[in-house]
């Protein structure tokens, strides 16, 4: 929001929307509508109204340039590194957040995007730290890679792999039960 906007000129619904958007400015119109208890059309009009009143949905990055690490199935031009599972990590640099989003949207085969908004990028090599998808601990050495459908999990040990498989099986059982309940 720029300095020319005045919080008092917003309606109650707009103030509630601003509260939700300040928590996560990247939520979809559907999520915004759900959070406010209104229709998608109303939420969409609300966002247009906020823009017309001077609200800017941007992030200014102090002290450096934003950088994104984009995981893809094939290599791309520019800075690109092969990952341990055969996919690629493309490093995308931009002058501001909007330019970064535009550059990322140009990568059609992206599977995951990690954005850093920290200090400027140095020319030193980037060594991403892997964390276990089950326990959240650091992965030292070679990760255990478990593929389930289109999802790839990186795990630190066999115990985490076993526990992750149990959790997935439990979630599938719950989901199947819910679907059977709805059908019945």
Below 8 Å, C-alpha to C-alpha, sequence gap of six or more: please give me the relative contact order for region 68-121 in percent. 43 percent
The extension gain from residue 74 to residue 53, computed as 0.36 nm times the residue separation minus the Cα-Cα distance, is 3.3 nm
Residue order, fewest to most surrounding Cβ atoms within 10 angstrom, among 23, 99: 23, 99
Given a Förster distance of 35 Å, the FRET efficiency implied by the Cβ-Cβ spacing of residue 85 and residue 27, rounded to the nearest 0.05, works out to 0.70
Test of understanding: ordering 49, 22 by Cβ neighbours within 10 Å, fewest first, what list do you get? 22, 49
Before anything else, pin down the relative contact order of region 7-52: Cα pairs under 8 Å, at least 6 apart, normalised by residue count, whole percent. 31 percent
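Throughout, read-outs are computed from the coordinates displayed, never taken from laboratory work. Note that the structure is predicted; figures quoted are calculated from it, not measured. So basically every Cβ, Gly included, is an ideal-geometry build from the backbone, and we count neighbours across all protein chains shown.
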